[in-house]
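What follows is a single structure, written as structure tokens, with notes after it.
The values are calculated or read from the model by the stated rules, or taken from the named source; none is laboratory data. Keep in mind it's a predicted model, so treat the numbers as computed, not measured. Counting neighbours? That spans all protein chains shown, and the Cβs are built from the backbone with ideal geometry, glycine included.
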Protein chains: 4
Amino acid sequence: MAKMKAAVFIEPGRIMLEEKPIPVIGPLDALIRITTTTICGTDVHILKGEYPVARGLTVGHEPVGIIEKLGSAVTGFTEGQRVIAGAITPSGYSNACLCGSGAQDGPDSKHGFKVAGGWKFGNTIDGCQAEYLRVPDAMANLSAIPDHLTDEQVLMCPDIMSTGFSGAERGNIKIGDTVVVFALGPIGLSAVAGARLMGASTIIGVDAIPERLTIARSLGADHVINFKTHDPIQEIMRLTDGRGADVAIEALGTQQTFESSLRVLRPGGTVSSLGVYSSDLRLPLDAFGAGLGDFTIVSTLCPGGKERMRRLMDTVASGRADLRSLVTHRFKLDDIEQAYELFANQRDGVMKVAITP
Amino acid sequence: MAKMKAAVFIEPGRIMLEEKPIPVIGPLDALIRITTTTICGTDVHILKGEYPVARGLTVGHEPVGIIEKLGSAVTGFTEGQRVIAGAITPSGYSNACLCGSGAQDGPDSKHGFKVAGGWKFGNTIDGCQAEYLRVPDAMANLSAIPDHLTDEQVLMCPDIMSTGFSGAERGNIKIGDTVVVFALGPIGLSAVAGARLMGASTIIGVDAIPERLTIARSLGADHVINFKTHDPIQEIMRLTDGRGADVAIEALGTQQTFESSLRVLRPGGTVSSLGVYSSDLRLPLDAFGAGLGDFTIVSTLCPGGKERMRRLMDTVASGRADLRSLVTHRFKLDDIEQAYELFANQRDGVMKVAITP
Amino acid sequence: MAKMKAAVFIEPGRIMLEEKPIPVIGPLDALIRITTTTICGTDVHILKGEYPVARGLTVGHEPVGIIEKLGSAVTGFTEGQRVIAGAITPSGYSNACLCGSGAQDGPDSKHGFKVAGGWKFGNTIDGCQAEYLRVPDAMANLSAIPDHLTDEQVLMCPDIMSTGFSGAERGNIKIGDTVVVFALGPIGLSAVAGARLMGASTIIGVDAIPERLTIARSLGADHVINFKTHDPIQEIMRLTDGRGADVAIEALGTQQTFESSLRVLRPGGTVSSLGVYSSDLRLPLDAFGAGLGDFTIVSTLCPGGKERMRRLMDTVASGRADLRSLVTHRFKLDDIEQAYELFANQRDGVMKVAITP
Amino acid sequence: MAKMKAAVFIEPGRIMLEEKPIPVIGPLDALIRITTTTICGTDVHILKGEYPVARGLTVGHEPVGIIEKLGSAVTGFTEGQRVIAGAITPSGYSNACLCGSGAQDGPDSKHGFKVAGGWKFGNTIDGCQAEYLRVPDAMANLSAIPDHLTDEQVLMCPDIMSTGFSGAERGNIKIGDTVVVFALGPIGLSAVAGARLMGASTIIGVDAIPERLTIARSLGADHVINFKTHDPIQEIMRLTDGRGADVAIEALGTQQTFESSLRVLRPGGTVSSLGVYSSDLRLPLDAFGAGLGDFTIVSTLCPGGKERMRRLMDTVASGRADLRSLVTHRFKLDDIEQAYELFANQRDGVMKVAITP
């Protein structure tokens, strides 16, 4: 049985490069030879043991590659095509998919923590930080890369761009809205770009790292606030003449960013939450207007599926959104443990790394 | 200056019937002679001092009456017409109104607790538990009662029906949805009727008072759960084959009902919150799916304005919704203090009282 | 090769019962043994040659049956299960499906008349007026029938109910709306039931056949207009105090019903068109408000897929909608030519026929 | 009685500058001293007698000016403020306004051609091509101009920008959509800018005037098609790989642009119609997919009201949209007849003219 290299979760604190068999595919699957992938903040949660996955699982959920082999029932694609697949791989045929909740794909029940059934790569099945990847339900999930786009140009599509844009989309941003984005890591910066794309007339970014504030400006933020030097709530109220924001996007997953999102909102406004939380959240009575504020709070997992990927790559192709500046470091797959070391510790101004087998 | 009787907030624990001048009206106002009104759970919050209003304020926000006098700039109505006005009286011309947040009417800013600016009667201006009522922005707020409808038939329109239905509307209920309503007081029962009106195929009501469970069934609940004898979450999961509810409507304003609403939801589902809360809320990590569940949480204040009232009265007129069974007791305005005593203590199976001057 | 009986399109004017091989299934398919089916108005268009299909094609697209055999890649179902499939069978994995247009499934292009790619049964592949049916993309399309429901109770789900309800859904009916339905055949009657389900407070049905007007009343119409004896536009304007309808549903496919729908609309209202047209339509300048009326016109093909079917059957199971009264006649498959003769000529008050092999 | 100069409709073919009394205002009105205004294509329809208005009416509906006097019941504004008002002036308090159809404001009935009741200036009341303008329902319609914006920067907000953007908004454009705009006059160019603002990834503009194609590119069009040299339908199908457009915006008001919009649409797509038509429209059977295409057709009148104007000016202020290049010529009010002569005959590459009293 042919072997390949793969980054594998061993135990909390350890992800290692190991040899594993190249995946065997079923009739609905495809086998992809990975050409570029990257590490996500969620992978760091996995590394730290904060988000539990099975020992021995290959991690990673942002694949760019070439179709090596197609399952016997798969039509519409050809071997050798350059493709991406979303971080989330909806089947297309589940009840969840058919009622528009593809990211919540899976058996139609929810026992305890079992949401997010559409997130399979590096969560419930082997992921893409490896030489090869099995893509389930390939017909719903493979999306051909336009010829003139490089791997790095589309590397943010499977997760960062899809998630960040969804923060703007689920916030239902309208032309002329004032939008605040709390936390300007890769997801938050992508949310800034998404808010800009959807017609927000005023975008305010909040973070404490000057480089991030600078990138936020380049992606569409009209104002940036360093929360170490200024109180963001006061600043936002000042910038909006006391009116507050129409939409606040939370892009980190903490009580502080969540609560601040609610506090800067105008009555009738929307908090769009993108972060992965690791503890209970509190909705303070006054911030929540005692239930009388006509507020909307939405949480969103990354939208997937081939049509989503096609649209995001179109957006890249037409120059509407360019997130290449997020790729700050490049590694060979052989060196992925160093990449994790750099990324998990946020050294050297790292935003995203490109990993090539 | 002519005098009238009015129920007035004196101090926490005391609402008394007093003599006050009949209101003077401005050019955009109308003076209404009240023929029927009622007491709301919110009035009890005011009575208890949990929701602060100015001493001396006339309470009450559910008016049925007759136009006594129109302001000099008011057109489109005639003195002597039978009318209602919503509990919430949007101006029609504020920025909040013009962007669709009429219940959040008022100066476009939010300082601390200052949401719900559209709620004026018995909150920021004198209310309708009196012989006469000044209605601000009369052209946006007066709605003529169809001749063949009695006062009691339309008495639930200004608040109970508008709020309860909005729970269903903001939950965005679709044909075939499974909907749970937690707490079956007047608002929750009206939410059951609203869920039925919007096409939910399975409606589950939760409360502990048998009479309320019975009324819930008559208004459209397919299943009712007495939470004293059955665990509602387990029961709902059983009734839905483990799938969970598409929409859960919270109609009380407590941690328990809010949290249960979240826990019975399918991934991708919606909590529609109607209650007035009196303390911080907690979003447990697992119930919130760590932010990965594609959940939507909406809070809604009662929609107002004359078009809303016209539509609700049409719904009554065509027999689509009949909430008369909620009126369990009747009092003269002179006896309103007894009415409060009964209602605040939930004696004698009271649901709603009709008060007639 | 085993044989079966099937109703086959021979040439314009002739559909005949013939012997054909039982379908062979691929890995994603299922073979269904039909237990009940019916004839649709669209089948009559096919019979008359107005809607062209290939000679030799088995017609029919409303199947109720039992799973005989599952394709090798199909999971989640078992042989022997009672199921229905929608008239429209989206794949689940096409770009059209993944952007929410499942009924327009198929290669993502449109050449001339090639819309409606999701309609396959009796259109582009063999249909269900036969002893056996091949269902493509079975995992997206089979939906288990609840045990306590009979074949006839769910017989309207695959097309009539799904299409009729979609007229209400795409019209975006809101609580309190006034809705008119033009033409009260099976689809129009189902649209009346759908409008009622979505909370319309006033429903007006228009037709000329007294029996249909009577059924319309029983399904939720508040007013019915016989267009042979009354001018529907004048009547509707009278019934609405000159305001017009919020939504008008066209359920026949003629210039007259389409144009009348537009003429009874309030400014800002919606025409929801369900009919299959056979000639160009005209939008009269005045009826269209010269383009200044903020009108919305939507056309809708029947929504399909297993989640849609599950929801419709839930609606039947809870007693929210009961269209059994539409089944006026019953035939054996052996007698289907007589059934066509009766149905195509609209003899004997026929609404829908039940066909059992 | 003080006099002013005003451009007045005399008879078909003649608009003349005359002396008229300065308007007298009522309690809800404001008197505006006009500082800049412009001529609209609709004014040319009026000039030619194609759209009938009363003889003696002052024309024009795009006002920029200074508050001269406020009605006795008006609050929230001060005399001397620089303001604009939308071309459409919803009252805020009508049933139409309160159900979200502000542009269709007015008595809730529709007799023949009486849509567009919210369009009052230069239609049913005196307009703004004059030294002074009476603004009805001033509290709903006056919007203060940010200090740093010039008259010409906001001159497109009352109509061109609001209408053009609404073409994109009502088309419900999503991130990644392909959008076509047919006809690139001021409205169509503004629709291009609106499509860009809402996240369309591919925008295709169609016209025959090279200067307009050039401006379209500068406002966000990725491709432009000169319909004199290329067949737009073929070109669009080629550019979209046969997929068709998600949204097609019609911005002229002719059979050809309307029909082409429908023909380039993907199944499930939307035609957003902005033009003012002067004859019946035809929906060809094949282009309309015989009613099976899940198409949406929306017509939209310009949205008005002070919140809309505030948002548009915010969009200008943040540099998101800059339509100043549309102002190609400038005239004194005294010379308005020459301005009409130039504009009506589309001489000298005119797009929009600025008129200053």
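Return the residues of segment C:132-169 that are assigned to a loop (DSSP other than H, G, I, E, B) and farther than 24 Å from C:GLY76 by Cα; say none if nothing qualifies.
Looking only at segment C:132-169, we keep the residues that are assigned to a loop (DSSP other than H, G, I, E, B), and these are C:136-137, C:142, C:145-150, C:155-156.
Scanning segment C:132-169 gives a single hit, C:MET156.
So D:THR150 clears everything in (1) surrounded by fewer than 21 Cβ atoms within 10 Å (Cβ to Cβ); (2) away from chain A (no Cβ under 13 Å); (3) touching a residue at least 12 places away in the same chain (Cβ under 8 Å) except one condition, right? Which one?
Going through (1) surrounded by fewer than 21 Cβ atoms within 10 Å (Cβ to Cβ); (2) away from chain A (no Cβ under 13 Å); (3) touching a residue at least 12 places away in the same chain (Cβ under 8 Å) one by one, D:THR150 breaks only (3).
Looking only at segment B:1-15, which residues are under 23 Å from the mean Cα position of the chain (by Cα) and either closer than 18 Å to B:VAL64 by Cβ or of a type outside the set (Val, Ile, Thr) (or both)?
Applying the first criterion (under 23 Å from the mean Cα position of the chain (by Cα)) to segment B:1-15 yields B:6-9, B:12-15.
Residues satisfying the conditions are B:ALA6, B:ALA7, B:PHE9, B:PRO12, B:GLY13, B:ARG14.
Looking at A:VAL271, A:VAL327, can you tell me which residue is more than 14 Å from chain D (Cβ to nearest Cβ), crowded, with 24+ Cβ neighbours inside 10 Å and β-branched (Val, Ile, Thr)?
None of the other options fit; the residue is A:VAL271.
Which one is nearest to D:PHE295 (Cα to Cα), of the residues in segment D:221-247 that are within 9 Å of another protein chain (Cβ to nearest Cβ) and of a type outside the set (Asp, Glu)?
Step one: list which residues in segment D:221-247 are within 9 Å of another protein chain (Cβ to nearest Cβ), which gives D:222, D:237, D:240-244, D:246.
Okay, now just the ones that are also of a type outside the set (Asp, Glu), so D:237, D:240, D:242-244.
Working: D:MET237: 17, D:THR240: 18, D:GLY242: 17, D:ARG243: 15, D:GLY244: 13 Å.
The residue in question is D:GLY244.
For segment B:90-110, does any single residue satisfy the condition of being more than 14 Å from every other protein chain (Cβ to nearest Cβ) and outside any loop (DSSP other than H, G, I, E, B)?
If we filter segment B:90-110 for residues that are more than 14 Å from every other protein chain (Cβ to nearest Cβ), which is where we start, we get none.
No, segment B:90-110 has no match at all.
Give me a count of the residues in segment C:318-350 that are assigned to a helix (DSSP H, G or I) and without any contact (Cβ under 8 Å) to a residue 60 or more places away in the chain. Break it down stepwise before answering.
Kept after step one, since they are assigned to a helix (DSSP H, G or I), are these residues of segment C:318-350: C:324-326, C:333-344.
Add one more test, that the residue is without any contact (Cβ under 8 Å) to a residue 60 or more places away in the chain, and what stays is C:335, C:338, C:341-342.
The number of residues fulfilling the criteria is 4.
Read through the list (1) under 30 Å from D:GLY185 (Cα atoms); (2) in a strand (DSSP E or B), then give the number of the only condition that D:GLY60 fails.
(2)
For A:LEU281, which of the numbered conditions (1) within 14 Å of chain B (Cβ to nearest Cβ); (2) touching an Asp or Glu at 6+ places or on another chain (Cβ under 7 Å) fails to hold?
(2)
Are any residues in segment B:1-24 closer than 16 Å to B:ALA344 by Cα and not aliphatic (A, V, I, L, M), and if so, which ones?
B:PHE9, B:GLU11, B:PRO12, B:GLY13, B:ARG14
With the condition kept exactly as written, say whether any residue in segment C:173-180 is within 14 Å of chain B (Cβ to nearest Cβ) and within 17 Å of the chain's Cα centre (by Cα).
Going residue by residue through segment C:173-180, those that are within 14 Å of chain B (Cβ to nearest Cβ) are C:173-179.
After this cut, where a residue has to be within 17 Å of the chain's Cα centre (by Cα) as well, the list is none.
Looking through segment C:173-180, none of the residues is within 14 Å of chain B (Cβ to nearest Cβ) and within 17 Å of the chain's Cα centre (by Cα).
Could you please find all residues in segment D:13-31 being in a strand (DSSP E or B) and surrounded by 13 or more Cβ atoms within 10 Å (Cβ to Cβ)? Let's see the steps before the verdict.
Pass one, segment D:13-31, residues in a strand (DSSP E or B): D:14-21, D:30-31.
Correct list: D:ARG14, D:ILE15, D:MET16, D:LEU17, D:GLU18, D:LYS20, D:ALA30, D:LEU31.
Among the residues of segment D:126-133, are any touching an Asp or Glu at 6+ places or on another chain (Cβ under 7 Å) and in contact (Cβ under 8 Å) with a residue 60 or more places away in the chain?
Step one: of segment D:126-133, the residues touching an Asp or Glu at 6+ places or on another chain (Cβ under 7 Å) are D:128, D:132.
Applying the additional criterion that residues be in contact (Cβ under 8 Å) with a residue 60 or more places away in the chain yields D:128, D:132.
Checked segment D:126-133: at least one residue is touching an Asp or Glu at 6+ places or on another chain (Cβ under 7 Å) and in contact (Cβ under 8 Å) with a residue 60 or more places away in the chain.
Go through A:ARG347, A:ARG282, A:ARG308 for me and flag whichever is touching a helix residue (DSSP H, G or I) at 6+ places or on another chain (Cβ under 7 Å), among the charged types (D, E, K, R) and surrounded by fewer than 18 Cβ atoms within 10 Å (Cβ to Cβ). Break it down into steps so the answer makes sense when it comes.
On the way: A:ARG347 fails: touching a helix residue (DSSP H, G or I) at 6+ places or on another chain (Cβ under 7 Å); A:ARG308 fails: surrounded by fewer than 18 Cβ atoms within 10 Å (Cβ to Cβ).
Residue meeting the stated conditions: A:ARG282.
Name every residue in segment B:153-170 that is over 9 Å from B:LEU312 (Cβ atoms), surrounded by 24 or more Cβ atoms within 10 Å (Cβ to Cβ) and not hydrophobic (A, V, I, L, M, F, W, C), in order of residue number.
Of everything in segment B:153-170, those that are over 9 Å from B:LEU312 (Cβ atoms), surrounded by 24 or more Cβ atoms within 10 Å (Cβ to Cβ) and not hydrophobic (A, V, I, L, M, F, W, C) turn out to be B:ASP159, B:THR163, B:GLY164, B:SER166, B:GLY167.
Only one residue in D:ALA7, D:ALA30, D:ALA85 is touching a helix residue (DSSP H, G or I) at 6+ places or on another chain (Cβ under 7 Å), modelled with pLDDT of 95 or more, more than 14 Å from every other protein chain (Cβ to nearest Cβ) and within 18 Å of D:ARG134 (Cβ to Cβ), so which one is that? Can you show your working first?
Details: D:ALA30 fails: more than 14 Å from every other protein chain (Cβ to nearest Cβ); D:ALA85 fails: more than 14 Å from every other protein chain (Cβ to nearest Cβ).
One residue alone meets the criteria, D:ALA7.
Which condition number does D:LYS174 fail, the rest of (1) surrounded by 24 or more Cβ atoms within 10 Å (Cβ to Cβ); (2) closer than 30 Å to D:GLY244 by Cα being met?
Answer for D:LYS174: the failing condition is (1).
Just a yes or no: is a residue in segment B:104-111 closer than 23 Å to A:ARG238 by Cα and either basic (Lys, Arg) or in the same structural domain as B:VAL59 (by TED's automatic domain parsing) (or both)? So that I can check it myself, show each step before the final result.
Residues of segment B:104-111 closer than 23 Å to A:ARG238 by Cα: B:104-111.
Pick out the ones that are also either basic (Lys, Arg) or in the same structural domain as B:VAL59 (by TED's automatic domain parsing) (or both) and you get B:110.
Yes, segment B:104-111 has at least one match.
Anything in segment B:285-305 that is buried (at least 22 other Cβ atoms within 10 Å of the Cβ) and of a type in the set (D, E, K, R)? List them, or say none.
Correct list: B:ASP294 only.
Go through A:ILE39, A:ILE34, A:ILE10 for me and flag whichever is touching a residue at least 40 places away in the same chain (Cβ under 8 Å), in contact with a strand residue (DSSP E or B) (Cβ under 9 Å, 6 or more places away or on another chain) and surrounded by fewer than 18 Cβ atoms within 10 Å (Cβ to Cβ). Let's see the steps before the verdict.
On the way: A:ILE39 fails: surrounded by fewer than 18 Cβ atoms within 10 Å (Cβ to Cβ); A:ILE34 fails: surrounded by fewer than 18 Cβ atoms within 10 Å (Cβ to Cβ).
Answer to the check: A:ILE10.
When you go through D:ILE236, D:ILE209, D:ILE225 one by one, which is the residue that is touching a His at 6+ places or on another chain (Cβ under 9 Å) and modelled with pLDDT of 95 or more?
On the way: D:ILE209 fails: touching a His at 6+ places or on another chain (Cβ under 9 Å); D:ILE225 fails: touching a His at 6+ places or on another chain (Cβ under 9 Å).
Just one listed residue meets the conditions, D:ILE236.
Would you pick out the residues in segment B:1-30 that are touching a Leu at 6+ places or on another chain (Cβ under 7 Å) and basic (Lys, Arg)?
B:LYS5
In segment A:58-91, which residues are buried (at least 18 other Cβ atoms within 10 Å of the Cβ), out of contact with any Leu (no Cβ under 6 Å at 6 or more places or on another chain) and farther than 16 Å from A:PRO158 by Cβ?
Across segment A:58-91, the qualifying residues are A:LEU70, A:VAL74, A:SER91.
Out of A:THR78, A:THR36, which single residue is assigned to a loop (DSSP other than H, G, I, E, B), among the hydroxyl-bearing types (Ser, Thr, Tyr) and at pLDDT 95 or above? Explain how you work it out, then say what you get.
Working: A:THR36 fails: assigned to a loop (DSSP other than H, G, I, E, B).
Residue meeting the stated conditions: A:THR78.
Do the conditions hold for A:THR315, that is, is it part of a strand (DSSP E or B) and either crowded, with 24+ Cβ neighbours inside 10 Å or modelled with pLDDT under 95 (or both)? Full working, then the answer.
Working: part of a strand (DSSP E or B): no; either crowded, with 24+ Cβ neighbours inside 10 Å or modelled with pLDDT under 95 (or both): yes.
No, not satisfied.
Have a look at D:GLU50, D:GLU68 and point out the one that is at pLDDT 95 or above and acidic (Asp, Glu).
Working: D:GLU50 fails: at pLDDT 95 or above.
Sole residue among the options that is at pLDDT 95 or above and acidic (Asp, Glu): D:GLU68.
Select from segment C:310-323 the residues that are under 15 Å from B:LYS174 (Cβ atoms) and either charged (D, E, K, R) or more than 10 Å from chain B (Cβ to nearest Cβ) (or both) and list them in ascending order.
C:ARG310, C:ARG311, C:ASP314, C:ARG320 - these are the residues of segment C:310-323 that are under 15 Å from B:LYS174 (Cβ atoms) and either charged (D, E, K, R) or more than 10 Å from chain B (Cβ to nearest Cβ) (or both).
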